[in-house]
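Where a number appears in this text, it was derived from the coordinates with a stated rule and is not lab data. No experiment lies behind these values; they were computed from the predicted model shown. Every residue, glycine among them, receives a Cβ derived from its backbone with ideal geometry; neighbour counts consider all protein chains shown.
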Amino acid sequence: MDLIVRSGRTVVFCEVKARSSDRFGTGAEAVVPAKQQRLRRLAARWLAELTPAAGRRAVEVRFDVVSLTDGALEVVEGAF
């Protein structure tokens, strides 16, 4: 997990991947299902520890991927 940002009620968990070329796929393609599952578990843990349950307000959650491949920047909002 590279970035955790908040905008209003939305908490965005962002993974950033950089590749010097797309020979083995783009940075976004490197966020495979196993990595996504690991990120979901980390996000759930972070949210659970954010505040005591009684004081926790409902928030929206989004997972984004930022990919930098051979100098090209791509931001995938709501990637998974």
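Regarding the stretch 39-48, can at least one residue be identified that is within 27 Å of Gly71 (Cα to Cα), touching a strand residue (DSSP E or B) at 6+ places or on another chain (Cβ under 9 Å) and of a type in the set (D, E, K, R)? Let's see the steps before the verdict.
Taking the stretch 39-48 and keeping what is within 27 Å of Gly71 (Cα to Cα), we get 39.
Still in the running and touching a strand residue (DSSP E or B) at 6+ places or on another chain (Cβ under 9 Å): 39.
Narrowing further to those that are of a type in the set (D, E, K, R): none.
The answer is no; no qualifying residue exists.
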Could you list all residues from the stretch 1-30 that are crowded, with 17+ Cβ neighbours inside 10 Å and touching a helix residue (DSSP H, G or I) at 6+ places or on another chain (Cβ under 8 Å)? Val11, Phe13, Glu15, Lys17, Arg19
Residues that are within 12 Å of the chain's Cα centre (by Cα) and among the acidic types (Asp, Glu): list the strands (runs of 3 or more DSSP E) wholly contained in the chain that include at least 2 such residues. none
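Inside the stretch 2-49, can you point out the residues that are of a type in the set (A, V, I, L, M) and at positive phi? Write out each step before concluding.
We begin by selecting, within the stretch 2-49, every residue of a type in the set (A, V, I, L, M); these are 3-5, 11-12, 16, 18, 28, 30-32, 34, 39, 42-44, 47-48.
Matches in the stretch 2-49: none.
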